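The values are calculated or read from the model by the stated rules, or taken from the named source; none is laboratory data. Nothing here was measured: the structure is a model prediction, and the numbers come from that model. Here the Cβ positions follow ideal geometry from the backbone for every residue, glycine too, while neighbour counts run over all protein chains shown. When the accessible area is computed, the model is the full protein with side chains, heavy atoms only, and any ligands, DNA or RNA have been set aside. Shrake-Rupley method; radii C 1.70, N 1.55, O 1.52, S 1.80 Å.
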Amino acid sequence: MEEIVSFARGLEESPRFRGDMLYGEPLADRTTMRVGGAAAVLAVPHDAESAAFAAFAAIRAGLPLFVLGGGSNIIVSDSGLDALVISLERLDGISYKDGLLTAGAGAKFDGITEFCAANCLKGLSSFAGLPGTAGGAAYMNARCYGVSAGDLIESVSYVDLDGIRAEKHVSDDFALANLAKVYHNNRGEWAYKKSPFQAFRSLILSVTFCVEALGMSEDNEMSIRRENEGFIEDRRNKGHFRAPSAGSVFKNDRSFGKPSGQLIDEAGLKGLAVGGAQIAPWHGNFIINTGSATAGDIRTLVEKARTEVRERTGFSLETEIIFV
């Protein structure tokens, strides 16, 4: 930890890094599940170049690195992360041009769908109310109401972190122009809850979505707002906002013939609790924090559900949430 702290203090003094550096920063409040310990150092870069420079320098120094988006799909260890954690929360700009909406990796979907309504842009309403970010949606290939992020993404700006580590011959002189790459969507590389960015370590900087411009008018704006609110209300009715959670715990597998939540329900597991973690009484595929959950509680409950379903049906559930 001392090495990470020393590195971070040096990073703070570099003119290439613009942002905040927080030491021993609790991570629980930066995740939707509200569990987890502290980060040795949390870097909050104010722009893409600073984010890329921090990642570049950490990898060159051989230090552990973790990139934090909206924290909506992860469970942070109770012991925290002995790493440089880079939060992308300040990379939240949103712009539009010629049928393409570009959002910084840290832009939240509440902001993105509001931008769409205000600018009469159609196509992203199914993501309204999703407690995640553009970068996280690209990485996870988030799926909402039958629409996947990969269906709508035109391109992604990113840095290949594995490439920095592997290419030892590359100069240690940082240049974002030389590091940043643009991925243009190849539909064949995306699948259910799978994206090409899961095959290697990357720092996603921004995501560009295809949208439809309806033309600026009060009627068009109100139509999109109603569509957004319809999805938010449906999430509310399904209990998405009743308690802290990380969304769906397990992926759905069509070969099982039933959604994971139904398999858990039929196993009689809804309401089952371990410590402060509970399988939501209203949805078998949600684990909620009733107020005092730990990451250990959640992991134990996940394994109990997986074991019970496997013994009952022979099906092995695959987690969607990520333990770090």
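Relative contact order of the chain: 17 percent, from C-alpha pairs under 8 Å at least 6 residues apart in sequence. In order along segment 81-98, the Karplus-derived 3J(HN,Hα) couplings, from 6.51 cos²θ - 1.76 cosθ + 1.60 at θ = phi - 60°, round to 10, 7, 7, 7, 9, 9, 8, 9, 4, 8, 8, 10, x, 9, 9, 9, 7, 6 Hz, and Gly and Pro are given as x.
How do Met222, Met33, Met216 rank by accessible surface area computed with a 1.4 Å probe, from largest to smallest?
Putting Met222, Met33, Met216 in descending order of accessible area: Met216, Met222, Met33.
Over all projection directions, the Cα-based convex hull of segment 1-106 averages an area of 7.2 nm². Rolling a 1.4 Å probe across the protein heavy atoms gives the chain an accessible surface of 45 Å² per residue. Largest mean-square fluctuation among Ser202, Ser125, Ser79, in a Gaussian network model of the chain whose springs join Cα atoms under 10 Å apart, belongs to Ser79. Extension gain for Ile322 to Asn186 (0.36 nm times residue separation, less C-alpha to C-alpha distance): 46.4 nm.
Once you charge only the Cβ atoms, +1 for Lys and Arg and -1 for Asp and Glu, what is the size of the charge dipole of the chain about its Cα centre, to the nearest 20 debye?
The dipole magnitude comes to about 860 debye.
Quick one: of Lys122/Lys194; Lys238/Lys304; Lys108/Lys258; Lys181/Lys251, which pairs are farther than 26 Å apart, Cα to Cα? Violating the 26 Å limit, Cα to Cα: Lys108/Lys258; Lys181/Lys251. Normalised by residue number, the volume inside the convex hull of the Cα atoms of segment 197-264 is 209 Å³ per residue. Loop-located trypsin sites (Lys or Arg not before Pro) across segment 63-164 with a Cβ neighbour count of 16 or fewer within 10 Å are lacking, with loop assigned by DSSP. Normalising the Debye intensity of segment 171-324 to I(0), with uniform scatterers on Cα atoms only, and taking log10 at q = 0.15, 0.21 Å⁻¹ returns -0.98, -1.26. Could you list, bin by bin from short to long, the percent of Cα-Cα pairs of the chain in 10 Å steps? Reading the bins upward from 0: 6, 24, 32, 25, 11, 1. Put simply, segment 1-42 fits an ellipsoid with semi-axes of 23, 12, 5 Å; these come from the alpha carbon gyration tensor as the roots of five times its eigenvalues, largest first. Charging the Cβ of each Asp and Glu at -1 and of each Lys and Arg at +1, and nothing else, the dipole of segment 194-324 about its Cα centre rounds to 560 debye.
Scaling against 2.2 N^0.38 Å puts the C-alpha radius of gyration of segment 70-217 at 1.10.
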